[in-house]
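For reference, the structure is listed below as structure tokens.
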């Protein structure tokens, strides 16, 4: 199944705002557009995301359960958009660096994980080399940092 980004955004904004009309205001769209987008998503999924008995929509159990997946899809879409912009501007989403084999790697491994978590769109390349080779790699332009 394919879900439109607009319907996913409409769903998440409705969850965050508490109503279709508040979601519409936040997204700069009409209330009927938001309602239709959420209804389309419900049709695609095959179940109701909200109960609409009262004045405000109430999440169903299924609606609650899909929220983490929808958040992941929207986050991935944002990362793809950001990558596309960088690539179209010629910005390389890759960082390479050389580390001396003299330094303890446990601390660096922790820092690399933090970097990867904070900047998942940047591909890291790490080379472990002897001290003299680190300088050679830098001077040859094979790594960005050393």
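The values are calculated or read from the model by the stated rules, or taken from the named source; none is laboratory data. What you see is a predicted model; the values in this text were computed from it and never measured. When we count neighbours, we look across all protein chains shown, and the Cβ atoms used for this are built from the backbone with ideal geometry, even at glycine.
Could you tell me whether region 61-73 includes any residue that is in a strand (DSSP E or B), within 30 Å of residue 2 (Cβ to Cβ) and in contact with a strand residue (DSSP E or B) (Cβ under 9 Å, 6 or more places away or on another chain)? Looking for residues that are in a strand (DSSP E or B), within 30 Å of residue 2 (Cβ to Cβ) and in contact with a strand residue (DSSP E or B) (Cβ under 9 Å, 6 or more places away or on another chain), one finds none in region 61-73, hence no. The residues in region 99-119 that are modelled with pLDDT of 80 or more and more than 17 Å from residue 144 (Cα to Cα) can be counted, and the count is 4. Within region 85-98, take every residue that is assigned to a helix (DSSP H, G or I) and modelled with pLDDT of 80 or more and give me the one that is nearest to residue 121 (Cα to Cα). Taking the candidates together, the pick is 85. If you check residue 70 against the conditions, is it at pLDDT below 80 and surrounded by 10 or more Cβ atoms within 10 Å (Cβ to Cβ)? Answer is no for this residue. On the given criteria, is residue 26 more than 30 Å from residue 123 (Cα to Cα) and in contact (Cβ under 8 Å) with a residue 12 or more places away in the chain? Here the answer is yes, as residue 26 does meet what is asked.
Checking 96, 88 one by one, the residue that is surrounded by 12 or more Cβ atoms within 10 Å (Cβ to Cβ) and within 30 Å of residue 137 (Cα to Cα) is 96 and no other.
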